[in-house]
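Reviewing the structure listed below.
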Amino acid sequence: MKTLRDGEFRDRRVLLRVDYNVPIRDGGVADSRKIASTLPTIEYILSQRPKNIVIMSHLGRPKGKHVGEMSLRPVAGVLGSLLSKDVLFIEDCVGDDVCGKVQGCTSGEVVLLENLRFHKEETADIEKAGDGERESVFEFRRRLTSYGDVFVSDAFGCLHRAHSSVCGIDLPERYCGLLVENELRKLSIVTSSAEKIDLVIVGGAKVRDKIQLIRKLCEKTKKIILCGGMSFTFLSVLYGTKIGNSLFDAEGAKSVPEVMSVAKEHSVEIFFPSDFVVSETATDEAVTKTVSVSEGVPDGWGGFDCGPLSRKRWREIILDSRVILWNGPAGMFEMKPFEDGTRAVLDALVDATKQKGATTIIGGGETAMCAMKWGAGEKLTHVSTGGGAVLELLEGKRLPGLVFLDKKEV
């Protein structure tokens with residue numbers, strides 16, 4: 001796969017796919033970190049004096065319709081401020097008017113197109129589309145392709161999607177951006193290393209969403225901490241633990257015995273919570289109490305976080321590990337009464353990094369949000385910008401966006 005350093009960009013039109021799927025609140029960008037993460041790639045290309053850079057991205061899930069709240073217009077202003085350079089925002093991503101504005105760009109200009117997903121052709125499944133829809137998708141891809149001489153992919157968080165702007169740009173020269181290159185290098189510590197990872201922490205709500213991940217990680221790790229909502233399903237199936245109104249994944253429950261069998265086969269130790277923070281309501285004003293696993297969750301109550309004994313034990317395990325991967329929160333961290341478990345895991349990871357020199361990697365998504373929320377992003381080895389892309393990499397899958405970059409023909 002070719003990187004930016006393999007390309008020649010002087011006086012050439014660069015078509016750049018990024019992931020600016022950022023939160024928009026009250027008409028403004030609430031968190032600009034994803035935008036900032038693409039600056040090294042943009043600045044490198046600009047240093048080569050290109051004819052222009054045309055940037056493409058999606059935001060949210062507008063389902064092929066123009067949704068004003070999902071416009072990328074606010075992003076253009078933030079990007080311009082970060083670059084200290086004017087960014088031309090174009091109010092669509094395809095069409096004769098868009099083509100004319102792109103062709104009229106001055107030398108070195110940076111352009112941001114409107115949300116790709118305002119057009120259903122961006123996310124259409126080309127394999128399942130009928131003839132008419134397929135032609136519409138191909139025309140959409142041809143129009144996007146016409147804006148560039150070379151294609152650069154820096155949207156790591158989208159590489160697991162076989163979308164038009166990720167896998168359908170028909171340009172002979174294709175490069176991965178610096179963000180993608182950095183993500184792959186950092187994640188190779190846990191995806192490519194011959195040595196086993198000391199510890200994997202897997203949280204989140206549903207067992208079925210993480211089954212393939214857990215199976216695969218059993219081949220790669222020595223210990224797994226299973227936490228978050230999914231732990232109730234495991235404990236209920238394995239030990240008959242009373243879980244009250246806590247989350248129970250009936251479909252995922254069918255796979256629990258198999259997961260434990262795979263773990264045993266690979267001599268993987270699995271740790272569950274030993275106590276829970278429970279409440280009758282999941283709100284910021286919730287009245288809580290702590291119960292042990294042996295007590296179980298009372299009827300009419302739900303478990304929304306791990307308790308202090310679990311946090312203490314997990315901290316010991318984390319501090320005793322050299323290479324640690326974390327994907328999925330330990331509880332309902334969005335609400336203050338239930339944030340302590342997730343925050344305790346994060347604090348332990350920070351201490352393991354600083355005090356023990358551990359390699360600590362956070363696998364994007366909600367887990368990355370936790371790290372940023374509590375200011376730990378710079379205190380860990382790597383916080384990925386990808387959610388689904390990280391999961392699929394860890395599961396051993398080939399990401400369509402990476403496969404595309406290596407293709408000789410589209």
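Values quoted throughout were computed directly from the atomic coordinates according to the rules given, and no laboratory measurement underlies them. Everything numeric here is computed off the predicted structure, so don't read it as measured data. Cβ: placed from backbone, ideal geometry, glycine included. Neighbour counts: every protein chain shown.
So the values come out like this:
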{"quantity": "For the stretch 251-267, 3J(HN,Hα) per residue [Karplus equation, 6.51 cos²θ - 1.76 cosθ + 1.60, θ = phi - 60°, Hz, x = Gly/Pro]", "calculated": "5, x, 4, 5, 9, 4, x, 5, 4, 5, 5, 5, 4, 5, 4, 9, 6"}
{"quantity": "Set of lysines with alpha-carbon distance to Lys85 below 17 Å, sequence-local pairs under 8 removed", "calculated": "Lys51"}
{"quantity": "Paired Rg and Dmax values of the stretch 97-189, which use every Cα atom, in angstrom", "calculated": "14.8, 46"}
{"quantity": "Leading residue at positive end of dipole, the chain (Cβ point charges), from Ser192, Tyr175, Ala371", "calculated": "Ser192"}
{"quantity": "Rounded to 10°, Cα long-axis angle of helix 73-83 versus longest principal axis of the chain", "calculated": "90 degrees"}
{"quantity": "Size of charge dipole - the stretch 210-279 - debye, nearest 20, with Cβ of Lys, Arg +1 and Asp, Glu -1, no other charges", "calculated": "180 debye"}
{"quantity": "Cα-based shape type of the stretch 4-183, given that a ≥ b ≥ c are square roots of the gyration tensor eigenvalues and the cut on a/c is 1.5", "calculated": "rounded"}
{"quantity": "Helix-only [θ]222 nm of the chain, DSSP H runs n ≥ 4, -39500 (n - 2.57) each, per residue, nearest 500", "calculated": "-10500 deg cm²/dmol"}
{"quantity": "The stretch 193-394 - charge dipole about Cα centre, Lys and Arg +1 at Cβ, Asp and Glu -1, debye rounded to 20", "calculated": "580 debye"}
{"quantity": "Mean shadow area of the chain over all directions, Cα convex hull, nm²", "calculated": "21.3 nm²"}
{"quantity": "For the stretch 161-264, projected area of the alpha-carbon convex hull averaged over all directions, nm²", "calculated": "9.3 nm²"}
{"quantity": "Estimated dipole of the chain in Debye, rounded to 20 [Cβ of Lys and Arg +1, of Asp and Glu -1, Cα centre]", "calculated": "900 debye"}
{"quantity": "Degrees between helix 308-319 axis and first principal axis of the chain (Cα, 0 to 90, nearest 10)", "calculated": "60 degrees"}
{"quantity": "Angstrom value of the Kirkwood radius, inverse mean 1/r, which spans all Cα pairs in the stretch 339-389", "calculated": "10.8 Å"}
{"quantity": "Loop sites in the stretch 316-410: GluC sites (Glu not before Pro), DSSP, at most 10 other Cβ within 10 Å", "calculated": "Glu409"}
{"quantity": "Under the Karplus curve 6.51 cos²θ - 1.76 cosθ + 1.60, θ = phi - 60°, whole-Hz ³J(HN,Hα) for the stretch 340-355, x wherever Gly or Pro sits", "calculated": "5, x, 5, 5, 5, 4, 4, 4, 5, 5, 4, 5, 5, 5, 6, 8"}
{"quantity": "Per DSSP, loop trypsin sites (Lys or Arg not before Pro) in the stretch 304-410 with at most 16 further Cβ within 10 Å", "calculated": "Arg322, Lys397, Arg398, Lys407, Lys408"}
{"quantity": "Too-long pairs where the Cα-Cα distance tops 25 Å, listed order kept, from Lys206/Lys379; Lys186/Lys222; Lys2/Lys34", "calculated": "Lys206/Lys379"}
{"quantity": "The stretch 193-394 - Debye-derived log10 I(q)/I(0), Cα point model, q = 0.14, 0.16 Å⁻¹", "calculated": "-0.76, -1.01"}
{"quantity": "Under 12 Å from the Cα of Lys336 - aspartates and glutamates, other chains or at least 8 residues apart", "calculated": "Asp284, Glu285, Asp305"}
{"quantity": "Cα long-axis angle, helix 178-191 against the chain (0 to 90 degrees, to the nearest 10)", "calculated": "30 degrees"}
{"quantity": "GluC sites (Glu not before Pro) within the stretch 63-142, DSSP loop, no more than 12 other Cβ atoms inside 10 Å", "calculated": "Glu127"}
{"quantity": "All aspartates and glutamates inside 17 Å of Lys210 as judged from Cα atoms, apart from same-chain residues fewer than 8 positions distant", "calculated": "Glu219, Asp249, Glu251, Glu258, Glu366, Glu392, Glu395"}
